[in-house]
Amino acid sequence: MAEMRALEERQRAAVLAKAKELNVPLRIDGAGGNVSELYDFRGDEPIYRKTLNVNAAISSGANLLNPAPYNLDGSGIRVGIWDQARVRSTHQELAGRVTIMDPGTSTTDSDHATHVAGTVGATGVVTNAKGMASKVNINSYDWNSDYTEMTSAGAALATDSSKIPLSNHSYGYNATVNDMGVYNSEPSNTDALATSFPYYLIFWAAGNDQGNLTSQGGYQTITYDALAKNIMTVGAVQDAVSGGQRSLTNASMTYFSSWGPCDDGRIKPDVVANGWDLYSCSSSSDSSYTSYSGTSQATPSAMGSAALLEQLYARQFSGQRMRASTLKALMIHTADDLGNPGPDYQYGWGLIHVKAAADVILAHKADTNRPKLIEGTLSRTVSGVKTYTKNYTFVWDGVSPIRATLAWTDPAGSAQTLTDSRTPNLVRNLDLKIISPNGTTNWPYVMPFVGAWTQASMSLPAIRGKNNVDNVEQVYLESPSAGTYTVSVALDGTLNRGVAQVYSLIITGGEGTPVNPAPTVALTSPGNGALFPKGTIVPISADASDLSYGGVAGAVAKVEAYRDWE
């Protein structure tokens, strides 16, 4: 941490010196409370970071989780907000729940940060300003040294309640056409950080450049960190509200929300939320309010709603956190499709619906022998045992469509410097498919832009096939036939010895999912649930139920993965 902070301070000093030499302004105050602050140079070109609620809660479904039987309000959950400056911690909607984490450097209350914090968690003193999670605790940071601070704050373990599971980043950069869709050093660094903290999901605003970077008709206008693979990138739609009720027909695309794809064809944004005319706190006084629009507003709407899911999961599973990949898969799995059928580069996977996500968590808890949330591991042990495929078999429930969503935290890809590089940013290519009772293979969504590389193909509906670019995959069967289905998760490629790849899989539409659970491993000393130093020799046992997973070898693979990852 000290080394990271020292490096960032040296880089900052170099930027300030160059700014003085070139007579470049350090800060630009724009209309509507927008602030740009010098971050770096690319050559002699300055790079600036810039700032990019009742109806929002209705749009996301968060309001449905406040009353019984859910009773969710964010209590017991602490989240991080990084922004241009600090949140006004004394505001009547936030007082007592905001901690200023860098008081020495962040000495100014920010209107933008305070509005974001209110969208996440305003108490509701003024009813129309109530946030998504009205009792959540907030750590407020300015955006200087954000990578170092995120490294200090993020949750690496499911049981570490002293670390944050979620953070909000409603800022971007003064991007140019040459930055459109490029997986450069910023998203690569963010992916590396996310890989180190598997229980920490980062929410990043997609940006407001749909009408600015127009060479692709609004497409490929997402840039910098928002292109990272392992985060939740959030676009903005209009209020999904009519007559005080959730209404998808009103969730139209805003004129500003940035669209994908990434240069390699990956789907971005991941989801959308209400980012239109959100009424929330402002920093003018402890009782001031204002309305703003932007992906800066949609992102805290999504992150605050996710805090309710974190609260529910912790309540149901003894204080445990979800993996970031599980939460991301769950929110994508339960999002309401907008735009073209399936995912697209405007709406991503659709409008978040956290009430539907909460119901999946509760269904999972109701019968853990028939789980809906599966966290599995593909691995190659030190002794060379390979587990590159896992199959999950279930019987269709006879009522619902079948949907399976796979997500995994992928190692950082190599930073790209060229515009329109088609090299996949994916490092470990997992494949999802569902085998029907008659033996038919059902493939996940893929975007027709991949391989075609034409502007016209960016707006085409998703098709089905092998997906070689996304670290989220989904198979959807709208009208299944009766019978037994098999969901297959496989690695296309190899792993080095001693390496494991954890994945998260959400399956709905089955009576029992799966009927062949992964092997149980007995750790005989010092006891189940204990943590061992890496490299410890651990006695194990396996029984006949493990035979479908390779007998004792299957159990060994699971222990090897446990040792390497936990």
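Every listed requirement among (1) under 22 Å from Gln84 (Cβ atoms); (2) in contact with a strand residue (DSSP E or B) (Cβ under 6 Å, 6 or more places away or on another chain); (3) among the charged types (D, E, K, R) is met by Asp239 save one, (1).
Across segment 412-470, the number of residues qualifying as open to solvent by less than 20 Å² (accessible area, probe 1.4 Å), assigned to a loop (DSSP other than H, G, I, E, B) and not small (Gly, Ala, Ser) comes to 6.
Of the numbered criteria (1) at pLDDT below 95; (2) farther than 29 Å from Gln501 by Cβ, the one Asn369 fails is (2). For segment 193-202, indicate whether the set of residues that are at pLDDT below 95 and either of a type in the set (Ser, Thr, Tyr) or open to solvent by 10 Å² or more (accessible area, probe 1.4 Å) (or both) is non-empty. There is no residue in segment 193-202 that is at pLDDT below 95 and either of a type in the set (Ser, Thr, Tyr) or open to solvent by 10 Å² or more (accessible area, probe 1.4 Å) (or both).
For beta carbons closer than 8 Å, sequence separation of 6+ or different chains, a first residue in segment 308-331 that is within 27 Å of Val475 (Cβ to Cβ) and small (Gly, Ala, Ser) and a second that is open to solvent by less than 10 Å² (accessible area, probe 1.4 Å) and part of a helix (DSSP H, G or I), the qualifying pairs are Ala324/Ala194. The condition of being aromatic (Phe, Trp, Tyr) and either modelled with pLDDT of 95 or more or within 24 Å of Arg49 (Cβ to Cβ) (or both) does not hold for Tyr279.
Hey, which of the strands (runs of 3 or more DSSP E) in segment 93-190, taking only ones fully inside, have at least 3 residues that are open to solvent by 10 Å² or more (accessible area, probe 1.4 Å)? It would help to see each step written out before you state the result.
Details: elements: 98-100, 137-142, 166-169, 171-173.
Hits in segment 93-190: 98-100, 137-142.
The values are calculated or read from the model by the stated rules, or taken from the named source; none is laboratory data. What you see is a predicted model, and the numbers here were worked out from it, not measured in a lab. Reconstructed Cβ throughout: ideal geometry from the backbone, glycine too, with neighbour counts over all protein chains shown. Just the protein is used for accessible areas: all its heavy atoms, side chains included, with ligands, DNA and RNA removed. Shrake-Rupley method; radii C 1.70, N 1.55, O 1.52, S 1.80 Å.
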